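K.L.:
Please see the structure below; I have some questions.
Bear in mind that the values in this text are calculations on the coordinates, not laboratory data. These numbers come from a predicted model, not from an experiment. Cβ atoms come from the backbone with ideal geometry, glycine included; neighbour counts cover every protein chain shown.
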Amino acid sequence: MKVAVVRFPGSNREVDAHRAALAAGHEATLVWHRSTDLEHADVVVLPGGFSYGDYLRPGAIARFSPVMRAVAKHAHAGRPVLGICNGFQILCEARLLPGALVRNAQLAFVAKMVTVRIESDATPFTASYRVGQELRWPVAHGDGRYVADEATLDQLEREGRVVCRYVGGSPNGALRDIAGICNEGRNVVGLMPHPESATDALIGSADGAPLFALTAVGAGAGV
Amino acid sequence: MTRYVGRVRVMPRQGLLDPQGTAVEHALDALGFHQVARVRVGRTLEIALEGGSASEARVKLEEMCDKLIANPVTEDYSIDAVDVAP
C-alpha cells in the first residue's frame, strides 16, 4: 500500500506516522504541503502537530495549503484519508469532517495515555479492531474538545460514524466523549488520540499498530 | 483608492462552553469583583484594506470572515466598524 504522510510547516508527528506505516510494511512517503499531487497515494495521512503555529484556530490556515485540494480530491474519490490530532482539526476546518475541535474544557494542554473504545470497525482504519475493543492510545493536545450541534451529533450516532470514544470520561470535555469520527462515505477518519505513537510495547502501548495494517483498503471501494 | 480599517469581532457562539471566559470570570470573582455575572472571551482583528467605498470594504471583510476568520461551527462574527484610515 502506498501511504503519503503530509508535512505542513509545524507538523511534528509526521515522522511517527511515517514510521508506523513503514513498520506495517507499506511504502510510505513524506509529502511537503506545497505538493499538489497525491495521485500516487492509496492512503493519505494528515499528521499531528501545530501547523502554522495554530494561529487563528488550529488547522484554519493549513486547510488552505496547496496540498489540501489534492486531499479533498482523494477524499471525494472515496479513497482513505486519516487525520490525527492536528490532522483531525485540519479535516474539520476543511469541512471534510463535520464539527470542530476547540480549546480543552479545562484549558490545560493534556498529554497522557488514555483508553478509547472502538465504536465502528467499518472504516479503512479501524477494520483490524472489533467494536467494543478498548485500546490504550496517547493524547497530546490543547484543542481537542470535539463539538458539533445536537443534530449533527445525533446524525453521527445514528449513522455509526463515531469511530471511537474515550472511556472513563474525556480528557478534554469532548461532547459525548467523542475521540474520533468519520465522514458519510466512511473513508475520511479523524482521531484526536495518537495511534501512531502507540505502535510498540516499548513506548507504552502497541495498540495503535493494527490501525496501520490497512488490510481492508483495496478490498472494496474506499473501505 | 481609499484605505479603510475594518474592525472585526469574533466571539464564541452563544450556548457553546467558553472555558476561557469561565476562567476569567472565576479570576475576577477571586479578586473581589463579585458583581461579575458572566465573561466571554473572543478576539478582535483590525484589517487595513483598500477599497472603492466603505460598503465595498465591508463586503470584502464579510467574505474574509466567511472563508477564514471565523469558524461558522463555533464562532459568530460582527464587523463593528469600517473607518477611513488616518
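K.L.:
Restricting attention to region A:66-99, and to residues there that are among the charged types (D, E, K, R) and under 15 Å from residue A:36 (Cβ atoms), which single residue is farthest from the other protein chains (Cβ to nearest Cβ)? Outline the logic, then answer.
P.N.:
Within region A:66-99, the subset among the charged types (D, E, K, R) is A:69, A:73, A:79, A:93, A:95.
This time we only want the ones that are under 15 Å from residue A:36 (Cβ atoms), so: A:69, A:73.
Numbers: A:69: 15, A:73: 20 Å.
Filtering region A:66-99 for residues that are among the charged types (D, E, K, R) and under 15 Å from residue A:36 (Cβ atoms), the one farthest from the other protein chains (Cβ to nearest Cβ) comes out as A:73.
K.L.:
Let me ask something additional. Of all residues in region B:49-86 being assigned to a helix (DSSP H, G or I) and of a type in the set (A, V, I, L, M), which is farthest from residue A:100 (Cα to Cα)?
P.N.:
Start the filter on region B:49-86 by keeping residues that are assigned to a helix (DSSP H, G or I), which leaves B:54-69.
In the following step, the residues that additionally are of a type in the set (A, V, I, L, M) were identified as B:54, B:57, B:59, B:61, B:64, B:68-69.
Values: B:54: 33, B:57: 29, B:59: 26, B:61: 23, B:64: 19, B:68: 14, B:69: 14 Å.
Within region B:49-86, the match that is farthest from residue A:100 (Cα to Cα) is B:54.
K.L.:
Which of the residues belonging to region A:167-179 are within 11 Å of residue A:119 (Cβ to Cβ) and buried (at least 23 other Cβ atoms within 10 Å of the Cβ)?
P.N.:
Selection gives A:178, A:179.
K.L.:
In this structure, does residue B:48 turn out to be more than 12 Å from every other protein chain (Cβ to nearest Cβ) and either surrounded by fewer than 16 Cβ atoms within 10 Å (Cβ to Cβ) or touching a residue at least 60 places away in the same chain (Cβ under 8 Å) (or both)?
P.N.:
Details: more than 12 Å from every other protein chain (Cβ to nearest Cβ): yes; either surrounded by fewer than 16 Cβ atoms within 10 Å (Cβ to Cβ) or touching a residue at least 60 places away in the same chain (Cβ under 8 Å) (or both): yes.
Yes: the conditions hold for residue B:48.
K.L.:
Let me ask something else. Just checking, how many residues over region B:42-71 are touching a strand residue (DSSP E or B) at 6+ places or on another chain (Cβ under 9 Å) and closer than 19 Å to residue A:60 by Cα?
P.N.:
15
Condition check ((1) among the hydrophobic types (A, V, I, L, M, F, W, C); (2) surrounded by 20 or more Cβ atoms within 10 Å (Cβ to Cβ)) across all residues:
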| site | (1), (2) |
| --- | --- |
| A:4 | yes, yes |
| A:26 | no, no |
| A:39 | no, no |
| A:51 | no, yes |
| A:103 | no, yes |
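K.L.:
Please find, among A:96, A:101, the residue that is under 24 Å from residue A:16 (Cα atoms), touching a residue at least 60 places away in the same chain (Cβ under 8 Å) and in a loop (DSSP other than H, G, I, E, B).
P.N.:
On the way: A:101 fails: in a loop (DSSP other than H, G, I, E, B).
On inspection, the qualifying residue turns out to be A:96.
K.L.:
May I pose another question? Of all residues in region B:20-43, count the ones that are within 23 Å of residue B:9 (Cα to Cα) and either away from every other protein chain (no Cβ under 14 Å) or surrounded by fewer than 12 Cβ atoms within 10 Å (Cβ to Cβ) (or both). Walk me through it before giving the result.
P.N.:
Here is the first cut: in region B:20-43, the residues within 23 Å of residue B:9 (Cα to Cα) are B:20-25, B:28, B:36-43.
Add one more test, that the residue is either away from every other protein chain (no Cβ under 14 Å) or surrounded by fewer than 12 Cβ atoms within 10 Å (Cβ to Cβ) (or both), and what stays is B:28, B:36-38.
Count: 4.
K.L.:
For residue A:111, are the conditions met, namely being in a strand (DSSP E or B), crowded, with 24+ Cβ neighbours inside 10 Å, more than 13 Å from chain B (Cβ to nearest Cβ) and without any contact (Cβ under 8 Å) to a residue 60 or more places away in the chain?
P.N.:
Working: in a strand (DSSP E or B): yes; crowded, with 24+ Cβ neighbours inside 10 Å: no; more than 13 Å from chain B (Cβ to nearest Cβ): yes; without any contact (Cβ under 8 Å) to a residue 60 or more places away in the chain: yes.
The answer is no for residue A:111.
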